[in-house]
Amino acid sequence: MSAVVRGYNFILNGMAVIAGILIFASFVMIVVDVTMRITGLKPPSFTIAVVEYILLWFAMLAAPWLLRIKGHVFIDAVKQFLPGAVQKVIAKLVYSICIVSSSIYCYHASGLVYVTWTKEMIDVRSIDMPQWILFGPMPVCFFFLTIEFIRYLIGIDDMYSQSLAEREGV
């Protein structure tokens, strides 16, 4: 079982690293594009489209890792004022809703990737790109988000136990 957990953690961390590399690549592409425009050179026509793809991929690849480290945005103000037993019930309810919604999104995103793959749909912008490439990380993201919320539901971790700021001493 520990090999499965290590493999899962490796994939989750790998997705976050890829997201970081992609956001850095978009930064470089934007700087090159702007620099070329300032110097009077003609920048590549694909920069805007590729940066848009990167923004979606970045969000999808980083989301499960952010959920794992509790670096995402969530509201815990209401929970703070509730008694301990009620807090646990509310937390389990929230986890259950998140599991269901992430699973639904995973299912529909998988269908979207399948349809765009089988119909060979193309996204036509400054470059022609198969649409399945654009939507590819969506089912993966929602699958891993579902797993993370299941971890919270069964008690392996608690989304409300400690925030990222508290762990880092901020």
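About its Cα centre, what dipole magnitude does the chain give when the only charges are +1 on Lys and Arg Cβ and -1 on Asp and Glu Cβ, stated in debye to the nearest 20?
Values: 12 positive and 11 negative charges, 40 e Å.
Approximately 200 debye in magnitude.
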For the chain, modelled as a Gaussian network with Cα springs under 10 Å, which listed residue fluctuates most, Tyr114, Tyr152, Tyr105?
-> Tyr114
Count of lysine pairs, segment 11-125, Cα-Cα under 18 Å, sep. 8 or more residues or interchain, comes to 5
Selection from Val34, Ala109, Ala62, by position along the positive dipole direction of segment 1-121 (Cβ) = Ala62
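Sum -39500 (n - 2.57) across every DSSP H segment of at least 4 residues in the chain, then divide by the residue count to get the 222 nm mean residue ellipticity, nearest 500.
Numbers: 7 runs with 126 residues, N = 170.
Calculated mean residue ellipticity at 222 nm is -25000 deg cm²/dmol.
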Let me see the pair-distance distribution of the chain: every alpha carbon pair, 5 Å bin width, integer percents in order.
-> 1, 8, 12, 15, 16, 14, 11, 8, 7, 4, 2, 1, 0, 0
Amide H contacts under 5 Å for Asp123, restricted to residues at least 5 apart in sequence or on another chain and with H modeled in the peptide plane, are Met129, Gln131
Karplus 3J(HN,Hα) series, Hz, for segment 45-54 with 6.51 cos²θ - 1.76 cosθ + 1.60 (x for Gly, Pro) = 6, 8, 4, 4, 4, 5, 5, 4, 4, 4
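Please give the FRET efficiency for Ser103 paired with Asn9, using the beta carbon to beta carbon distance and R0 = 25 Å, rounded to the nearest 0.05. Show your work: numbers first, answer last.
Values: r = 21 Å, r/R0 = 0.86.
That gives a FRET efficiency of 0.70.
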Tell me, how many Å apart are the Cα centres for segment 94-155 and for segment 1-23?
-> 17 Å
Hey, what do the phi angles of segment 81-86 turn into as Karplus ³J(HN,Hα) couplings, whole Hz, using 6.51/-1.76/1.60 and θ = phi - 60°, x for Gly and Pro?
-> 9, 9, x, x, 5, 5
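Please report the net charge: other residues with Cβ closer than 9 Å to the Cβ of Asp157, K and R +1, D and E -1. Don't skip to the end; give the middle numbers.
On the way: positive: Arg68, Lys70, Arg151; negative: Glu148, Asp158.
Result for the local shell: +1.
Which chymotrypsin sites (Phe, Trp or Tyr not before Pro) in segment 12-67 pass both tests, a DSSP loop state and at most 16 other beta-carbon atoms within 10 Å? Working shown, then result.
Working: sites: Phe24, Phe27, Phe46, Tyr53, Trp57, Phe58, Trp65; in loops: Phe46.
For chymotrypsin sites (Phe, Trp or Tyr not before Pro) across segment 12-67 that sit outside H, G, I, E and B with at most 16 neighbouring Cβ atoms in 10 Å, the list reads Phe46.
Just so you know, all these numbers are worked out from the coordinates, no wet-lab data involved. These figures come from a predicted structure and were not determined experimentally. A quick note on method: Cβ atoms are made from the backbone with ideal geometry, for glycine too, and the neighbour counts reach across all protein chains shown.
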